[in-house]
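Taken together, the values in this text are just the output of simple stated rules run on the coordinates, not laboratory data. Just so it is clear, the model here is predicted, and its values are computed rather than measured. Please note: Cβ atoms are built from the backbone with ideal geometry, for glycine as well, and neighbour counts cover all protein chains shown.
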Amino acid sequence: MSIDPPIRVLVICWGNSARSILAEALIRHHGGDDFDVNSAGIEPKGVNPLTIRVLDEAGLDHEWARSKSVDEFLGQSFDYVITVCDDARTVCPVFPGEKQTVLHWGYEDPAKVEGTDEQRVAAFQTTLTMLATRITSFVDIARRERRTGEAAAVGG
């Protein structure tokens, strides 16, 4: 059962190379047609190859994935703007939205982990796992809030 219109989400991190792409993939997967989700970076750096690797290993689609600047989304309205790194939170632009919710989910950047390939991949997998737990709840709550809000508006 699809919600009309979809819940618009923008996930922002500094480089739009790892955390925000992982979050976008998870929201796309768990939210389906109920969500219109994008990700962007303050200073886009290109999608990290390890991001693609862990998405592949998790069976999550990433054909859409490209590193984008927040500038592409300026002036657009979102229901949720989510920052996933502390640096992006401090300089995140303001986006229009009548009932917008701004969330901050601070995660360490897996792309900054040094060590063996196994250690680096493990950092990306850990970030994906932590995001998945949070996003599963987020998708359920956002759907419920949308239904409740619509019901209140119809009944009001």
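Here LEU131, LEU50 are placed in order of increasing Cβ neighbour count within 10 Å, fewest first, which gives LEU50, LEU131.
By the count of other C-beta atoms within 10 Å, a proxy for reagent exposure, ASP140, ASP34, ASP4 are ordered fewest to most as ASP4, ASP140, ASP34.
Output the 0 to 90 degree angle, nearest 10, between the alpha-carbon long axis of helix 117-155 and the longest principal axis computed from the alpha carbons of the chain. Approximately 0 degrees, to the nearest ten. If you take the alpha carbon atoms of segment 7-155 and fit the smallest convex hull around them, that volume is 98 Å³ per residue.
In this rough spin-label picture, where each label sits 7 Å from Cα along the Cβ direction, the LYS45-LYS112 distance is 0.9 nm. Measuring gaps between exposed loop sites in the chain (GluC sites (Glu not before Pro); DSSP loop; at most 15 other Cβ atoms within 10 Å), the longest gap, sites not included, is 1-62. A simple rule links phi to the HN-Hα coupling: the Karplus curve 6.51 cos²θ - 1.76 cosθ + 1.60 with θ = phi - 60°, which for segment 63-78 gives 4, 7, 5, 8, 7, 10, 8, 4, 4, 5, 10, 4, x, 8, 8, 10 Hz, with x for Gly and Pro.
This model, with +1 at the C-beta of Lys and Arg and -1 at the C-beta of Asp and Glu, gives the chain a dipole about its Cα centre of some 260 debye. Charge tally for ASP79 (other residues, Cβ to Cβ under 12 Å; Lys, Arg +1; Asp, Glu -1): 0.
In straight-distance terms, cross-link reach from LYS99 covers every one of the lysines whose alpha-carbon lies under 25 Å from its own, apart from those fewer than eight places away in the same chain; here that gives LYS68.
Computed over the chain, the per-residue total of -39500 (n - 2.57) for DSSP H runs of n ≥ 4 gives a 222 nm mean residue ellipticity of -14500 deg cm²/dmol, rounded to 500.
Between VAL37 and VAL9, the built amide H atoms are under 5 Å apart, and every one of these is 5 or more places off in sequence or on another chain.
Distant-in-sequence amide contacts of TRP14, defined by a placed amide H-H separation under 5 Å and a gap of 5 or more residues or a different chain, comprise ILE42, ALA88. Residue separation of TRP64 and HIS104 scaled by 0.36 nm, minus their Cα-Cα distance, works out to 12.0 nm of gained length.
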